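Notes follow once the structure below has been shown.
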Amino acid sequence: AKKSGRDQAKAYTPLMQAEFLAKAQREHDFKKALANKEFVTYYQPLVDLKTERTIGFEALARWEITPGNFIPPDQFVALAEETGNITELTEQLLRLACRDALEWPSHITLSFNISPIQMSDKQLATRIMSILAEVGFPAERLEIEITETALLRDINVARLTLRKLKDEGINIALDDFGTGYSSLSQLCNFPFDKLKIDKSFIDTFQLNGKQEKAILAVLSLASALDVKVVAEGIEHVSQLIRLQELGCDIGQGYLLGKPMPQANLKKTVPWAIQD
Ligand code: C2E
Ligand code: CA
Ligand code: CA
Ligand code: CA
(Lines give C-alpha, C1' and ligand atoms only; values in the text may rest on other atoms or scores of the structure.)
(Ligands and ions follow the chains in the order given, each with its own letter.)
Protein backbone atom coordinates (compact mmCIF):
# COMPACT_ATOMS: atom_id res chain seq x y z
CA ALA A 1 0.00 0.00 0.00
CA LYS A 2 2.92 2.28 0.85
CA LYS A 3 4.52 1.74 -2.54
CA SER A 4 1.42 2.41 -4.57
CA GLY A 5 0.83 5.58 -2.52
CA ARG A 6 4.23 6.88 -3.52
CA ASP A 7 3.65 5.94 -7.15
CA GLN A 8 0.40 7.78 -7.10
CA ALA A 9 2.05 10.92 -5.77
CA LYS A 10 4.52 10.86 -8.65
CA ALA A 11 1.90 10.38 -11.35
CA TYR A 12 0.69 13.34 -13.35
CA THR A 13 -2.88 14.18 -12.46
CA PRO A 14 -4.97 16.12 -14.96
CA LEU A 15 -4.71 19.15 -12.65
CA MET A 16 -0.90 19.00 -12.58
CA GLN A 17 -0.87 18.68 -16.32
CA ALA A 18 -3.08 21.74 -16.65
CA GLU A 19 -0.83 23.70 -14.29
CA PHE A 20 2.22 22.65 -16.24
CA LEU A 21 0.66 23.75 -19.50
CA ALA A 22 -0.46 27.05 -18.00
CA LYS A 23 3.07 27.69 -16.79
CA ALA A 24 4.55 26.79 -20.16
CA GLN A 25 2.03 29.09 -21.82
CA ARG A 26 2.92 31.97 -19.46
CA GLU A 27 6.63 31.49 -20.15
CA HIS A 28 5.92 31.45 -23.87
CA ASP A 29 3.82 34.64 -23.60
CA PHE A 30 6.52 36.26 -21.50
CA LYS A 31 9.26 35.56 -24.03
CA LYS A 32 7.07 36.87 -26.82
CA ALA A 33 6.32 40.05 -24.85
CA LEU A 34 10.02 40.52 -24.23
CA ALA A 35 10.82 40.09 -27.92
CA ASN A 36 8.08 42.60 -28.81
CA LYS A 37 9.15 45.00 -26.04
CA GLU A 38 5.66 45.07 -24.53
CA PHE A 39 6.75 45.95 -20.99
CA VAL A 40 6.30 49.50 -19.82
CA THR A 41 7.10 51.50 -16.72
CA TYR A 42 4.73 53.51 -14.57
CA TYR A 43 6.01 56.20 -12.25
CA GLN A 44 5.08 56.87 -8.64
CA PRO A 45 6.02 60.18 -6.97
CA LEU A 46 8.51 60.43 -4.11
CA VAL A 47 7.58 63.50 -2.08
CA ASP A 48 9.77 65.62 0.20
CA LEU A 49 7.72 65.63 3.40
CA LYS A 50 9.01 69.06 4.49
CA THR A 51 8.26 70.98 1.31
CA GLU A 52 5.57 68.56 0.04
CA ARG A 53 7.11 68.69 -3.41
CA THR A 54 7.83 65.79 -5.73
CA ILE A 55 11.56 65.16 -5.82
CA GLY A 56 11.61 61.96 -7.85
CA PHE A 57 9.71 59.03 -9.27
CA GLU A 58 10.06 55.30 -8.78
CA ALA A 59 9.74 53.30 -11.99
CA LEU A 60 7.36 50.36 -11.55
CA ALA A 61 7.21 47.83 -14.37
CA ARG A 62 3.86 46.95 -15.98
CA TRP A 63 2.76 44.18 -18.35
CA GLU A 64 -0.65 44.88 -19.86
CA ILE A 65 -1.75 41.57 -21.40
CA THR A 66 -5.10 42.94 -22.61
CA PRO A 67 -6.33 46.55 -22.24
CA GLY A 68 -6.72 47.33 -18.53
CA ASN A 69 -5.53 43.84 -17.56
CA PHE A 70 -2.13 43.76 -15.87
CA ILE A 71 0.12 40.97 -14.65
CA PRO A 72 1.77 42.18 -11.42
CA PRO A 73 5.50 42.97 -11.68
CA ASP A 74 6.61 40.59 -8.95
CA GLN A 75 5.08 37.78 -11.04
CA PHE A 76 6.73 38.59 -14.35
CA VAL A 77 10.02 39.52 -12.71
CA ALA A 78 9.97 35.99 -11.25
CA LEU A 79 9.18 34.63 -14.73
CA ALA A 80 12.11 36.59 -16.14
CA GLU A 81 14.38 35.12 -13.47
CA GLU A 82 13.16 31.56 -14.07
CA THR A 83 13.59 31.80 -17.83
CA GLY A 84 17.01 33.44 -17.59
CA ASN A 85 15.78 36.74 -19.04
CA ILE A 86 16.10 39.08 -16.08
CA THR A 87 19.08 40.92 -17.58
CA GLU A 88 17.22 41.54 -20.84
CA LEU A 89 14.03 42.65 -19.04
CA THR A 90 15.95 45.03 -16.77
CA GLU A 91 17.86 46.55 -19.68
CA GLN A 92 14.62 47.19 -21.61
CA LEU A 93 12.97 48.76 -18.56
CA LEU A 94 15.95 50.90 -17.59
CA ARG A 95 16.33 52.20 -21.14
CA LEU A 96 12.63 53.12 -21.22
CA ALA A 97 12.68 54.75 -17.80
CA CYS A 98 15.80 56.80 -18.52
CA ARG A 99 14.36 58.04 -21.82
CA ASP A 100 11.16 59.10 -20.04
CA ALA A 101 13.08 60.69 -17.18
CA LEU A 102 15.07 62.82 -19.63
CA GLU A 103 11.81 64.69 -20.27
CA TRP A 104 11.38 65.58 -16.58
CA PRO A 105 12.84 68.71 -14.98
CA SER A 106 16.51 68.09 -14.24
CA HIS A 107 16.13 68.16 -10.43
CA ILE A 108 13.72 65.19 -10.52
CA THR A 109 15.37 61.83 -9.88
CA LEU A 110 14.59 58.34 -11.17
CA SER A 111 14.44 55.38 -8.79
CA PHE A 112 14.77 51.96 -10.37
CA ASN A 113 14.34 48.48 -8.86
CA ILE A 114 17.03 45.85 -9.30
CA SER A 115 16.06 42.26 -8.62
CA PRO A 116 18.06 40.41 -5.91
CA ILE A 117 19.31 37.80 -8.37
CA GLN A 118 21.08 40.55 -10.36
CA MET A 119 23.26 41.47 -7.44
CA SER A 120 25.26 38.32 -8.21
CA ASP A 121 25.96 39.60 -11.74
CA LYS A 122 29.51 40.92 -11.86
CA GLN A 123 28.67 42.89 -15.00
CA LEU A 124 25.70 44.72 -13.46
CA ALA A 125 27.42 48.07 -12.91
CA THR A 126 28.88 48.00 -16.43
CA ARG A 127 25.50 47.16 -17.95
CA ILE A 128 23.80 50.02 -16.09
CA MET A 129 26.52 52.50 -17.05
CA SER A 130 26.37 51.56 -20.72
CA ILE A 131 22.60 52.18 -20.82
CA LEU A 132 23.07 55.57 -19.13
CA ALA A 133 25.69 56.44 -21.74
CA GLU A 134 23.51 55.23 -24.60
CA VAL A 135 20.48 57.25 -23.46
CA GLY A 136 22.48 60.23 -22.19
CA PHE A 137 20.99 60.11 -18.72
CA PRO A 138 23.17 61.51 -15.90
CA ALA A 139 24.21 58.93 -13.27
CA GLU A 140 23.58 61.50 -10.52
CA ARG A 141 19.87 61.43 -11.27
CA LEU A 142 19.57 57.66 -10.99
CA GLU A 143 18.86 55.79 -7.79
CA ILE A 144 18.97 51.99 -7.60
CA GLU A 145 16.64 50.25 -5.15
CA ILE A 146 17.73 46.90 -3.78
CA THR A 147 16.36 44.71 -1.01
CA GLU A 148 18.22 43.19 1.89
CA THR A 149 17.98 39.68 0.45
CA ALA A 150 19.91 40.96 -2.56
CA LEU A 151 22.94 41.60 -0.38
CA LEU A 152 22.92 38.21 1.27
CA ARG A 153 23.17 36.23 -1.98
CA ASP A 154 26.78 37.04 -2.71
CA ILE A 155 28.02 39.63 -0.30
CA ASN A 156 31.38 40.27 -2.00
CA VAL A 157 29.94 40.76 -5.48
CA ALA A 158 27.20 42.96 -4.01
CA ARG A 159 29.70 45.12 -2.17
CA LEU A 160 31.85 45.56 -5.27
CA THR A 161 28.87 46.36 -7.49
CA LEU A 162 27.47 48.96 -5.08
CA ARG A 163 30.91 50.53 -4.75
CA LYS A 164 31.21 50.85 -8.53
CA LEU A 165 27.74 52.36 -8.83
CA LYS A 166 28.44 54.83 -6.03
CA ASP A 167 31.74 55.84 -7.63
CA GLU A 168 29.83 56.63 -10.82
CA GLY A 169 27.51 58.91 -8.83
CA ILE A 170 24.47 56.62 -8.67
CA ASN A 171 22.50 56.65 -5.41
CA ILE A 172 21.56 53.46 -3.60
CA ALA A 173 18.38 52.86 -1.61
CA LEU A 174 17.71 49.90 0.67
CA ASP A 175 14.17 48.76 -0.16
CA ASP A 176 11.60 47.04 2.09
CA PHE A 177 13.65 47.94 5.16
CA GLY A 178 12.60 46.08 8.29
CA THR A 179 11.46 42.89 6.60
CA GLY A 180 14.88 41.26 6.14
CA TYR A 181 17.35 39.61 8.48
CA SER A 182 20.39 41.69 9.26
CA SER A 183 19.28 45.22 8.56
CA LEU A 184 21.59 46.88 11.04
CA SER A 185 24.89 45.39 9.95
CA GLN A 186 24.00 45.98 6.32
CA LEU A 187 23.28 49.63 6.99
CA CYS A 188 26.77 50.04 8.36
CA ASN A 189 28.59 47.91 5.80
CA PHE A 190 27.08 49.17 2.56
CA PRO A 191 27.08 52.69 1.11
CA PHE A 192 23.35 53.48 1.26
CA ASP A 193 21.93 56.93 0.62
CA LYS A 194 18.37 56.06 1.57
CA LEU A 195 16.37 53.46 3.30
CA LYS A 196 12.75 52.75 2.53
CA ILE A 197 10.68 51.64 5.51
CA ASP A 198 8.43 48.83 4.35
CA LYS A 199 4.74 49.51 3.92
CA SER A 200 3.84 46.93 6.60
CA PHE A 201 5.26 49.30 9.26
CA ILE A 202 3.41 52.31 7.88
CA ASP A 203 0.10 50.40 7.71
CA THR A 204 -0.13 49.73 11.39
CA PHE A 205 2.10 52.22 13.10
CA GLN A 206 -0.62 54.31 14.67
CA LEU A 207 -2.63 51.35 15.83
CA ASN A 208 0.34 50.03 17.69
CA GLY A 209 2.65 52.20 19.80
CA LYS A 210 5.54 49.80 19.28
CA GLN A 211 5.51 50.28 15.53
CA GLU A 212 5.85 54.02 15.98
CA LYS A 213 8.78 53.53 18.36
CA ALA A 214 10.43 51.29 15.77
CA ILE A 215 10.05 54.01 13.15
CA LEU A 216 11.50 56.60 15.53
CA ALA A 217 14.48 54.36 16.19
CA VAL A 218 15.03 53.90 12.45
CA LEU A 219 14.84 57.66 11.92
CA SER A 220 17.42 58.37 14.60
CA LEU A 221 19.74 55.62 13.37
CA ALA A 222 19.41 56.86 9.80
CA SER A 223 20.16 60.40 10.83
CA ALA A 224 23.28 59.24 12.72
CA LEU A 225 24.45 57.36 9.64
CA ASP A 226 23.51 60.27 7.35
CA VAL A 227 20.99 58.19 5.42
CA LYS A 228 17.62 59.59 4.27
CA VAL A 229 14.40 57.76 5.14
CA VAL A 230 11.48 57.09 2.80
CA ALA A 231 8.12 55.91 4.18
CA GLU A 232 6.35 53.62 1.69
CA GLY A 233 2.65 52.96 1.34
CA ILE A 234 1.20 56.17 2.81
CA GLU A 235 -2.55 55.94 2.20
CA HIS A 236 -4.12 58.14 4.88
CA VAL A 237 -3.72 61.79 5.83
CA SER A 238 -3.25 60.79 9.48
CA GLN A 239 -0.22 58.68 8.52
CA LEU A 240 1.23 61.51 6.48
CA ILE A 241 0.86 64.04 9.30
CA ARG A 242 2.39 61.73 11.91
CA LEU A 243 5.35 60.91 9.66
CA GLN A 244 5.90 64.62 9.09
CA GLU A 245 5.81 65.20 12.86
CA LEU A 246 8.33 62.40 13.41
CA GLY A 247 10.65 64.06 10.90
CA CYS A 248 10.61 61.44 8.18
CA ASP A 249 12.32 62.87 5.06
CA ILE A 250 10.42 61.43 2.11
CA GLY A 251 7.02 59.83 1.51
CA GLN A 252 5.49 57.59 -1.12
CA GLY A 253 2.02 56.08 -1.38
CA TYR A 254 -1.39 56.24 -2.97
CA LEU A 255 -2.26 59.35 -0.95
CA LEU A 256 0.63 61.27 -2.53
CA GLY A 257 0.27 59.73 -5.98
CA LYS A 258 -0.40 56.36 -7.57
CA PRO A 259 1.93 54.83 -10.14
CA MET A 260 1.00 56.35 -13.52
CA PRO A 261 2.15 56.30 -17.12
CA GLN A 262 4.52 58.99 -18.37
CA ALA A 263 1.69 60.67 -20.31
CA ASN A 264 -0.17 61.40 -17.05
CA LEU A 265 2.72 62.86 -15.06
CA LYS A 266 2.39 66.39 -16.37
CA LYS A 267 -1.32 66.50 -15.62
CA THR A 268 -1.05 65.16 -12.10
CA VAL A 269 2.21 66.37 -10.64
CA PRO A 270 2.73 70.03 -9.71
CA TRP A 271 6.45 70.19 -10.61
CA ALA A 272 5.43 70.59 -14.20
CA ILE A 273 4.11 74.02 -13.28
CA GLN A 274 6.95 74.97 -10.95
CA ASP A 275 9.87 74.18 -13.22
P1 C2E B 1 8.36 47.71 -4.32
O2 C2E B 1 9.64 48.09 -4.95
O3 C2E B 1 8.34 47.59 -2.83
O4 C2E B 1 7.29 48.76 -4.85
C5 C2E B 1 6.23 49.26 -4.08
C6 C2E B 1 4.93 48.59 -4.43
O7 C2E B 1 3.90 49.11 -3.60
C8 C2E B 1 4.45 48.85 -5.86
O9 C2E B 1 3.70 47.71 -6.30
C10 C2E B 1 3.52 50.04 -5.69
O11 C2E B 1 2.56 50.17 -6.73
C12 C2E B 1 2.86 49.68 -4.39
N13 C2E B 1 2.35 50.84 -3.66
C14 C2E B 1 2.84 52.10 -3.64
N15 C2E B 1 2.12 52.89 -2.81
C16 C2E B 1 1.16 52.11 -2.29
C17 C2E B 1 0.08 52.36 -1.35
O18 C2E B 1 -0.11 53.45 -0.86
N19 C2E B 1 -0.71 51.30 -1.06
C20 C2E B 1 -0.51 50.05 -1.60
N21 C2E B 1 -1.36 49.07 -1.24
N22 C2E B 1 0.49 49.79 -2.47
C23 C2E B 1 1.31 50.80 -2.80
P24 C2E B 1 3.93 47.09 -7.74
O25 C2E B 1 4.06 48.18 -8.75
O26 C2E B 1 2.87 46.05 -7.93
O27 C2E B 1 5.34 46.39 -7.61
C28 C2E B 1 5.52 45.29 -6.76
C29 C2E B 1 6.98 44.91 -6.66
O30 C2E B 1 7.47 44.44 -7.92
C31 C2E B 1 7.89 46.07 -6.29
O32 C2E B 1 7.84 46.28 -4.90
C33 C2E B 1 9.22 45.55 -6.79
O34 C2E B 1 9.78 44.67 -5.84
C35 C2E B 1 8.83 44.75 -8.02
N36 C2E B 1 9.08 45.57 -9.22
C37 C2E B 1 8.32 46.54 -9.79
N38 C2E B 1 8.92 47.04 -10.89
C39 C2E B 1 10.10 46.39 -11.01
C40 C2E B 1 11.20 46.48 -11.95
O41 C2E B 1 11.23 47.28 -12.89
N42 C2E B 1 12.25 45.62 -11.75
C43 C2E B 1 12.26 44.75 -10.69
N44 C2E B 1 13.34 43.95 -10.56
N45 C2E B 1 11.28 44.65 -9.80
C46 C2E B 1 10.20 45.46 -9.95
CA1 CA C 1 11.09 49.68 -4.76
CA1 CA D 1 9.48 48.70 -1.27
CA1 CA E 1 7.95 45.53 -1.64
- Query: Between E64 and D193, what length comes free when the chain is fully extended (0.36 nm per residue of separation minus the Cα-Cα distance, one decimal in nm)?
  - Reply: 43.2 nm
- Query: On full extension of the chain, what length is gained from E38 through K210, given 0.36 nm per residue of separation minus the C-alpha to C-alpha distance?
  - Reply: 57.5 nm
- Message: So, taking all protein chains as they sit and a 1.4 Å probe, how much accessible area belongs to M129, in Å² rounded to tens?
- Response: 50
- Message: Counting other C-beta atoms within 10 Å, and keeping those with at most 16, which DSSP coil chymotrypsin sites (Phe, Trp or Tyr not before Pro) do you find in the stretch 93-198?
- Response: Y181
- Compute the longest continuous run of the chain that contains no exposed GluC sites (Glu not before Pro); treat a site as exposed when its DSSP state is not H, G, I, E or B and it has at most 16 other Cβ atoms within 10 Å. 169-234
- Mind checking the full-extension length gain between V157 and D74? Use 0.36 nm per residue of separation minus the Cα-Cα distance, one decimal, nm. 27.5 nm
- Query: R99: accessible area at probe 1.4 Å, nearest 10 Å²?
  - Reply: 130
- Message: Suppose we keep just the DSSP beta bridges with both residues in the stretch 3-149; what percent of those would be antiparallel, to 5?
- Response: 60
- Message: Going by Cα centres, the stretch 192-254 and the stretch 123-152 are how many Å apart?
- Response: 25
- May I ask for the angle, rounded to the nearest 10°, between helix 237-246 and the longest principal axis of the chain, with both axes built from Cα atoms and the value confined to 0 to 90°? 60
- Note on the structure: One finds, for A133 and E235 with R0 = 41 angstrom and r their Cβ-Cβ distance, a FRET efficiency to the nearest 0.05 of 0.60
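When N is the residue count of the stretch 41-108, what does its C-alpha Rg come to as a fraction of 2.2 N^0.38 Å?
1.32
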- Item | Whole-number percent relative contact order across the chain, with pairs defined as alpha carbons under 8 Å at least 6 apart | 18
- Y43, Y12, reordered so the largest accessible area comes first (probe 1.4 Å): Y12, Y43
- Note on the structure: The Kirkwood hydrodynamic radius of the stretch 83-230, taken as the inverse of the mean 1/r over all distinct Cα pairs, in Å, comes to 16.2
- Message: If the elastic network links every pair of Cα atoms under 10 Å, which of T161, T179, T204 fluctuates the most in the Gaussian network model of the chain?
- Response: T204
- Message: Quick check for the stretch 133-275: number of Lys pairs with alpha-carbon distance under 22 Å, counting only pairs 8 or more apart or on different chains?
- Response: 22
- Message: For K31, project a label point 7 Å along Cα to C-beta. Then give me every residue of the stretch 82-111 with its amide nitrogen under 15 Å of that point.
- Response: 82-86, 88-89
- Query: From the residues N85, L256, L124, which one has its Cα farthest along the dipole of the chain in the positive direction, the dipole being from +1 and -1 charges on Cβ of Lys/Arg and Asp/Glu about the Cα centre?
  - Reply: N85
- Note on the structure: Any residue on another chain or 5+ positions along whose placed amide H is under 5 Å from the amide H of V229 is listed here as L195, D249, I250
- Query: Ignoring ligands, DNA and RNA, what percent of the accessible area of the chain is carbon or sulfur (1.4 Å)?
  - Reply: 54
- Please report, in whole Å, how far the alpha carbons of the chain spread along each principal axis, starting with the longest. 67, 45, 40
- Message: Just to check, using Stokes-Einstein with a Kirkwood Rh over alpha carbon pairs, what's the diffusion coefficient of the stretch 197-266 at 25 °C and 0.890 mPa s in µm²/s?
- Response: 193
- Compare L221, L256, L174 in a GNM of the chain, Cα atoms joined below 10 Å, and give the one with the largest fluctuation. L221
- Message: Using a 1.4 Å probe on the protein heavy atoms only, what accessible surface does I215 show? Give it in Å² to the nearest 10.
- Response: 0
- Item | Accessible surface, per residue, of the stretch 158-275 when the full set of protein chains is kept, probe 1.4 Å, Å² | 51
- Query: In debye to the nearest 20, how big a dipole does the stretch 188-275 give about its Cα centre with +1 on each Lys and Arg Cβ and -1 on each Asp and Glu Cβ?
  - Reply: 180
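The values are calculated or read from the model by the stated rules, or taken from the named source; none is laboratory data. Every value quoted in this text rests on a predicted model; they were computed, and no experiment measured them. No Cβ is skipped: glycine too gets one built from the backbone with ideal geometry, and neighbour counts run over all protein chains shown. The protein model used for the area step is the full one, side chains on, heavy atoms only, and it has no ligands, DNA or RNA in it. Shrake-Rupley method; radii C 1.70, N 1.55, O 1.52, S 1.80 Å.
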